[in-house]
Amino acid sequence: MSAATMPPPSFQVKPKLDAQGEPLGELLEISMGPHHPSTHGVFRMDVVLDGEEVVKLKPVFGYLHRNHEKIAEGISYLSTMPYTDRLDYFCSMTNNWAYALTIEKLAGLPVPERAEYIRVIMAELTRLQNHTCLIGFFVQDMGALGTPMMYAFREREKILDLFESVSGARMMCNYMRFGGVRVDVNDTWLAQAHKVTNEYAKFLDEFEEFLTANEILLARSQFVGVIPKDLAISAAITGPMLRASGVNYDLRKVDKYGIYSRFDFKVPLGEHGDIYDRYMVRVLEMRESLKILQQALRDIPAGPVMDPKAKLRGFRPKPGEVYGRIEGPKGELGFYVISDGSPNPYRYRIRPPSFINLTVLEDMCLGHKISDAVVILGSVDIVLGEVDR
Amino acid sequence: METLEQIKVRIEKAMPQTKIDILPNECPAGDRSLVVDTASGFAVAKFLRDDAQLKLDYCSNVTGIDWPQATIKTKVKKKVVVEGVEKEVEETIETLRSGHLEVVYHLYSMELKHGPVVLRMRTENRADKTTLPSLTPLWRGAELQEREVFDLYGVVFEGHPDLRRILMWDEFVGFPMRRDYVCPDDFEYEPTPHDKVLEQARKHYPVEVKPAVAEVKP
């Protein structure tokens with residue numbers, strides 16, 4: 001039976017038996033979370049252990065559920081924009097972009113050249129800081145308490161300073177609009193972005209020197225939490241997790257949304273689909289992001305950043321439905337919007353990448369130790385604002 | 001990729017008993033979708049996944065939509081001959097839309113890098129006949145999303161391995177994403193209730209709610 005047609009693991013589990021056919025011990029059910037430092041938020045796992053080995057694991061969601069989709073149905077299109085910041089609060093810029101892209105597709109709005117470049121710059125900076133922090137968290141899950149995370153946060157703060165100086169907020173940027181971006185960036189900002197980009201490569205070298213060949217990291221991550229290629233495709237895994245399993249599917253290359261066809265960059269792929277590959281794919285992706293940033297900062301043209309025909313007030317797109325998606329730092333972030341011609345969307349749906357990436361959490365953890373489950377969850381890269389919506 | 005019409009013809013050739021419609025989309029940049037009847041939904045989805053030309057191996061997005069019963073007004077331009085002169089008259093046609101729940105699947109192909117094919121299935125009504133075939137046995141990626149549709153809309157997926165509430169707690173009654181769902185009055189604590197909330201609170205708690213007034217000390 002191939003992994004694609006494999007049914008999900010059975011719920012009925014029994015303890016291991018000894019040579020005489022007697023159970024070796026009792027199973028232990030642990031409720032991990034929702035308040036647990038390794039669950040990256042209010043996420044809970046119901047784990048059944050046989051000794052230290054995970055024999056069953058059920059994720060429990062909903063602690064941060066506020067029915068974001070329902071809220072969006074009751075307010076106008078533009079009012080939803082700040083709510084998208086709160087989905088994945090590490091990557092508000094890419095959330096904004098995915099939503100703006102969908103509505104632009106729905107209403108047929110063009111985006112000025114300069115705004116497209118600014119969007120790419122913001123998205124790649126977001127990817128940089130998201131992956132940096134993720135690696136910090138994930139190494140912390142392995143027991144490197146504090147230090148790597150603080151280095152990661154130090155670098156992230158440089159990028160957040162850039163966001164703050166242009167949008168007024170470090171994390172809740174609310175920066176994109178339908179048909180462009182809210183405010184233009186000036187030359188000082190661009191020079192600063194250039195400086196941050198140039199210095200980032202050095203930081204990555206430093207970071208990698210400590211981590212990539214680290215003995216503990218290798219021991220804890222190689223051949224742990226493996227997702228085979230066909231299961232990854234069937235389970236709709238996206239983003240760095242999918243590419244770590246060796247599937248070449250990056251929406252920046254497949255859909256070529258925005259102006260990504262103009263940039264020269266590569267899509268790093270893993271081979272084994274284990275945690276180490278996921279770590280490595282993210283590191284390499286950051287280096288590719290730096291390449292894109294350098295090209296975008298070099299080529300950015302002058303001009304307006306908002307389409308003059310775009311309406312902020314009284315925006316009522318024609319009836320119809322549209323599905324827009326971008327390659328977010330965590331995977332495919334999609335928005336599905338149905339308009340009935342009124343100022344509010346009739347239906348507004350988010351495809352949250354980190355929620356769907358959790359589908360195979362149990363498959364990854366089965367047979368590993370409980371301490372590995374923590375690291376495996378860390379490698380999925382979840383943000384509960386997006387998982388629970 | 002083939003057009004939807006070509007796909008439809010091929011499905012009908014392979015499975016003659018299926019009823020398939022192509023749903024138009026008024027948005028020019030959006031995609032049209034295939035509406036499949038409940039009985040052959042699973043077989044059509046399997047065809048879309050396994051067909052060598054399509055290979056839609058990736059089910060990206062599963063969406064639930066609630067369509068309550070409504071009268072739809074559509075304006076049609078009609079040519080009428082009035083006293084020997086041909087005139088164009090706009091006529092409003094009212095059609096009754098029966099209430100139903102709808103589940104939309106966005107299918108892509110990772111291998112051939114094309115898509116999406118949008119697949120829709122509709123339940124018979126919104127009350128007691130809300131069963132649809134689950135597509136989780138075909139695409140694992142639909143597992144959590146179908147649970148979410150069950151949780152928030154009340155669509156029962158037949159063949160789903162683990163159909164439980166996912167975002168709401170198990171004891172919760174009702175389906176919060178339906179259009180006619182009424183929020184409870186006191187779902188959110190307000191220290192100084194005003195306007196609509198105050199009105200609702202008065203209805204719910206007959207005790208008079210005093211508006212907050214700053215105390216002025218002499």
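No lab work stands behind these numbers, since they all come straight from the coordinates. Values in this document were obtained by computation on a predicted structure and should not be read as measured data. Ideal geometry is used to build each Cβ from the backbone, glycine not excepted, and the neighbour counts take in all protein chains shown.
For the reader, a short list of remarks on this structure follows.
- For chain A, a simple Cβ point-charge model (Lys and Arg +1, Asp and Glu -1, everything else neutral) yields a dipole of about 1660 debye relative to the Cα centre.
- Nearest 10 degrees, 0 to 90: helix B:4-14 Cα axis against chain B principal axis: 70 degrees
- For chain B, modelled as a GNM whose springs connect Cα atoms under 10 angstrom apart, the maximal fluctuation among B:ASP151, B:ASP195, B:ASP128 occurs at B:ASP195.
- For q = 0.12, 0.13, 0.18 Å⁻¹, Debye-computed log10 I/I(0) when each Cα of the stretch A:102-257 counts as one equal scatterer: -0.70, -0.81, -1.24
- Considering only beta bridges that DSSP places wholly inside the protein assembly as shown, some 90 percent are antiparallel.
- In chain A, the longest principal axis of the Cα atoms and the axis of helix A:92-107 are about 60 degrees apart.
- Note on the stretch A:114-163 and the stretch A:217-286: Cα centroid distance 18 Å, given to the nearest whole angstrom.
- Amide H to amide H distances under 5 Å link B:HIS114 with B:SER109, where only residues 5 or more positions off or on other chains count and H is placed in the peptide plane.
- Per-pair calculated FRET efficiency, R0 = 41 Å: A:ASP161 and A:LYS311 via Cβ, rounded to 0.05: 0.80
- For the protein assembly as shown, calculated [θ]222 nm from helices alone, where every DSSP H run of n ≥ 4 adds -39500 (n - 2.57): -11000 deg cm²/dmol
- Counting neighbouring beta carbons within 10 Å and listing from fewest to most, the residues B:ARG126, B:ARG32, A:ARG44 come out as B:ARG32, A:ARG44, B:ARG126.
- Qualifying aspartates and glutamates (Cα of each under 15 Å from Cα of B:LYS13; at least 8 residues distant if same chain): B:GLU5, B:ASP21, B:ASP51
- Where only C-alpha atoms are counted, convex hull volume of the protein assembly as shown per residue in Å³: 247 Å³
- Efficiency of FRET between A:ASN186 and A:GLU52 - r from beta-carbon atoms, R0 60 angstrom, step 0.05: 0.60
- Nearest 10 degrees, 0 to 90: helix A:113-141 Cα axis against chain A principal axis: 20 degrees
- In straight-distance terms, cross-link reach from A:LYS256 covers every one of the aspartates and glutamates whose alpha-carbon lies under 19 Å from its own, apart from those fewer than eight places away in the same chain; here that gives A:GLU104, A:GLU113, A:GLU116, A:GLU124, A:ASP264, A:GLU285, A:GLU288, A:ASP299, A:GLU327, A:GLU332, B:ASP31, B:GLU111.
- Shape of chain B, Cα gyration tensor, a/c cut at 1.5: oblate
- Checked against a 31 Å cut-off, the cross-linked pairs A:LYS229/A:LYS266; A:LYS56/A:LYS202; B:LYS19/B:LYS55; A:LYS70/A:LYS195 give Cα-Cα distances beyond that limit for A:LYS56/A:LYS202; A:LYS70/A:LYS195.
- 20 Å Cα-Cα threshold exceeded, pairs from A:LYS311/B:LYS77; A:LYS309/B:LYS75; A:LYS253/A:LYS318; A:LYS58/B:LYS129; A:LYS58/A:LYS369; A:LYS291/B:LYS113: A:LYS311/B:LYS77; A:LYS309/B:LYS75; A:LYS253/A:LYS318; A:LYS58/B:LYS129; A:LYS291/B:LYS113
- Qualifying aspartates and glutamates (Cα of each under 18 Å from Cα of B:LYS196; at least 8 residues distant if same chain): B:ASP185, B:ASP186, B:GLU188, B:GLU208
- Here is the list for the stretch A:253-327: GluC sites (Glu not before Pro) lying in DSSP coil, each with at most 16 other C-beta atoms within 10 angstrom of its C-beta, are A:GLU271.
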